[in-house]
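The structure appears right after this line, and notes come after that.
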Amino acid sequence: MGKLAFRQTVHQYGTDLCWTPMILAKEFNRNEFARDSDLTVSTKHPQPPTILQFGANVPVELARASSLAAPFVAGVDLNCGCPQSWACAETLGAALMDKRELVRDMVVETRERLRQDGWGVLMEEDVENPRGRSVSVKIRVHDDLRRTMDYLDTVIGHPQNRNVDWVTIHPRTRHTPSTTPIFTESLEILTQKYAGTLPILLSGDIFDLSALPIRPTRPPQPDPPTLTLGQDAARRRQQQPTHPRPSTTHLSGFMSARGLLANPALYANFTSCPWEAVETLMCRLARAPLPFKLALHHVQEMTAPGMGPDKTALLSKKERAELNALGNMLDLVDFLDRKVEEHAGRMGGMRRDL
């Protein structure tokens, strides 16, 4: 999930669908500046298939915002999983887990608005339609899983005429901290019940492909040369087997947030972030800039120890302290250029320039 430069980076490394951060539908409708700043798209460079993630609690607001966004994205997703207190206080995010009828009304009105606008919203019939647009939801689970089943039955609707194209399940409750492992038993029960009706995606603790029941195998997308330290990248990628494994959980896909922030090459079978991914992001930022603090945050996440079992860090603790003290983009580019040169020297003298 992220802005254009980050979405382009993860897409290059095998991510099939990219989500935006949660965007408030009400503000998106009323403020042109909010639309321009929140939804960044590309007209000249690779535009990854993007799902716009909305925060909304009024059917007409979500429908209108989706209508405005539809020409620029592959689909819209209603976020019913964000547990942050500010979102729940506004009846957004995970607070919607107590509003199943409202969520149903929002997705139904959104799908009808897109249909009226001429977009393809007829499920499987529009998979290959260039005007096809998806409508989906992301949810959490309840302490009592029967409530989650009632919720899904209401939101999905009739299996032959569904209200949503897929559901992403984050198998934690609204109050479960992210340090607690996901509830795999709840996930298994829900996928067994609903995977025959529609695709189910898993969100949460997606840090290491070797721990997942399905291993994506699409190679990184070709791209113009960057700073890639090719021999090092090839060696690290080969550490991971590339043969697929069958699904044992009926899942259709995986959504990663923290895992991809730390390692955008996660779905390309890298166990930790390679230098080439940092270099790719910096090249993307040259064409799709971000505020410096946000760009720095991305680099901080990518150069620190990863979220998975492999805790390899691109920078030492001392170097990360130096990184955190940088004050502008030029200093960041110079700093990374030096570190790439040092790394290239350690790898046998390979060198490229930012």
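The values are calculated or read from the model by the stated rules, or taken from the named source; none is laboratory data. Everything numeric in this text was worked out from a predicted model, so none of it was measured. Heads up, the Cβs are rebuilt from the backbone with ideal geometry, glycines too, and the neighbour counts pull from every protein chain shown. Just so you know, the surface numbers come from the protein's heavy atoms only, side chains and all, with ligands and any DNA or RNA stripped out. Shrake-Rupley method; radii C 1.70, N 1.55, O 1.52, S 1.80 Å.
Summary of computed values
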read-out	value
Residue in segment 57-70 that is modelled with pLDDT of 95 or more, out of contact with any helix residue (DSSP H, G or I) (no Cβ under 8 Å at 6 or more places or on another chain) and buried (at least 19 other Cβ atoms within 10 Å of the Cβ) present	no
Subset of segment 189-200 (residues that are open to solvent by 20 Å² or more (accessible area, probe 1.4 Å) and either free of Cβ contacts under 8 Å to residues at least 12 places away in the same chain or not basic (Lys, Arg) (or both))	189, 192, 195, 196, 197, 199
Residue 101 in a helix (DSSP H, G or I), within 21 Å of residue 69 (Cβ to Cβ) and either open to solvent by less than 70 Å² (accessible area, probe 1.4 Å) or in contact (Cβ under 8 Å) with a residue 12 or more places away in the chain (or both)	no
Segment 151-182, subset in contact with a helix residue (DSSP H, G or I) (Cβ under 7 Å, 6 or more places away or on another chain) and farther than 18 Å from residue 109 by Cα, residue most open to solvent (accessible area, probe 1.4 Å)	174
Residue within segment 44-65 that is hydroxyl-bearing (Ser, Thr, Tyr) and over 15 Å from the mean Cα position of the chain (by Cα) present	no
Residue satisfying all of: in segment 29-56; farther than 19 Å from residue 290 by Cβ and assigned to a helix (DSSP H, G or I); most open to solvent (accessible area, probe 1.4 Å) among these	30
Residue 109 vs. criteria assigned to a helix (DSSP H, G or I), open to solvent by 10 Å² or more (accessible area, probe 1.4 Å), acidic (Asp, Glu) and at pLDDT 95 or above	yes
Residue in segment 127-149 that is of a type in the set (Val, Ile, Thr), over 22 Å from the mean Cα position of the chain (by Cα) and at pLDDT 95 or above present	yes
Which listed residue, of 85, 134, is crowded, with 20+ Cβ neighbours inside 10 Å and at negative phi	134
Residue tally, condition of a type in the set (Val, Ile, Thr) and either surrounded by fewer than 18 Cβ atoms within 10 Å (Cβ to Cβ) or out of contact with any helix residue (DSSP H, G or I) (no Cβ under 6 Å at 6 or more places or on another chain) (or both), over segment 138-150	2
Helices (runs of 4 or more DSSP H) (entirely within segment 249-354) containing at least 1 residues that are surrounded by 22 or more Cβ atoms within 10 Å (Cβ to Cβ)	258-262, 275-287, 292-303, 329-346
